[in-house]
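First up is the structure itself, then whatever we jot down about it.
The values are calculated or read from the model by the stated rules, or taken from the named source; none is laboratory data. Nothing here was measured: the structure is a model prediction, and the numbers come from that model. Here the Cβ positions follow ideal geometry from the backbone for every residue, glycine too, while neighbour counts run over all protein chains shown. We work out accessible area using only protein heavy atoms, side chains counted, and drop any ligands, DNA or RNA first. Shrake-Rupley method; radii C 1.70, N 1.55, O 1.52, S 1.80 Å.
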Amino acid sequence: MKLAAYPAFTATAFQSRLAYRNQVWSGVFGELVFMFARIAIWTSVFSTVASPSVDGVTLPQMITYALLAGPVLYWDYSRLLRDVGTAVKSGDIAVYLLKPLLYPAYMLANHTGNFLFDLLTVTVPVAIIIGFTVGLVPPASLFHGLAFLAFWALSFGMLFLLTTILGLAAFWLMTADSLDWFFNSIMTLLAGGIVPLWFFPGWLAAIAGNLPFAWVSYYPAAIYIGQLDPSQSLTAFIIGLVWFAVLLGVLLWLWAKARHRLIVQGG
């Protein structure tokens, strides 16, 4: 299948979400509750110190980091895991083997549509509400703002690869139900979405900062508020691209193995 055909899957996924517009209100409400809870926690933390900043980060910067590392960067990967797991469990995955398409590429196109829908209907409204009620800080500089956009794209790709690799494990486990909790636990600790890596013990920050999970939330948000200088940002981006290439290779290899396994099982 030509690459030009995949955007049609993105458009279809976006349009299908329009049929469930009532879910938007619950999504916005849920994200607002989540964000205001985090804001309350960080406000309490900063109120216990005499200095207006902690580790060089002010409360407005921390609130901005929480928004970026949460709703903006950390999209709903559970939907992707469920789709892969359901396709394997029901046997519908065999249909994709009969079509002239690459299943991981189809999933990327499909969930790009879901991501864009959530971004426009949930994330942007939440960001606007938080900005007007609590306040958000702009990028540390023009460089940091542009670098954030590049890291945001890398973040999306990294989370997609990690989730799809995990989802393909359903070919061997025959279910992806338990993988969501497992992956969420790892991401909560190592991605820096809840607690930034600069608050970690030195040894743990060194380990987590070199694992691919950190490129999902920590590096994009930290660069936006200026925690990394231009040279550090460039180095982090290059390492992130290396991780992206490695994970892409793993995904393609795993998909090739999974296809043969499905055939052997009589799929």
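Going through (1) open to solvent by less than 60 Å² (accessible area, probe 1.4 Å); (2) part of a loop (DSSP other than H, G, I, E, B); (3) modelled with pLDDT of 85 or more one by one, residue 194 falls short only on (1). Screening residue 32 against (1) buried (at least 16 other Cβ atoms within 10 Å of the Cβ); (2) closer than 26 Å to residue 166 by Cβ leaves a single unmet condition, (2). Of the candidates 149, 168, 189, 161, the single residue that is open to solvent by less than 60 Å² (accessible area, probe 1.4 Å) and within 17 Å of the chain's Cα centre (by Cα) is 161. Among residues of segment 12-40 that are under 21 Å from residue 64 (Cβ atoms), those with a Cβ under 6 angstrom from a residue that is in a helix (DSSP H, G or I) and at pLDDT below 85, sequence gap 6+ or separate chain, pair up as 31/71. Counting just the residues of segment 84-127 that are open to solvent by 60 Å² or more (accessible area, probe 1.4 Å) and at pLDDT below 80, which one comes out nearest to residue 181 (Cα to Cα)? In this case the residue turns out to be 86. Would you confirm, using the coordinates I've provided, whether residue 10 is buried (at least 17 other Cβ atoms within 10 Å of the Cβ) and of a type in the set (S, T, N, Q)? Yes, satisfied.
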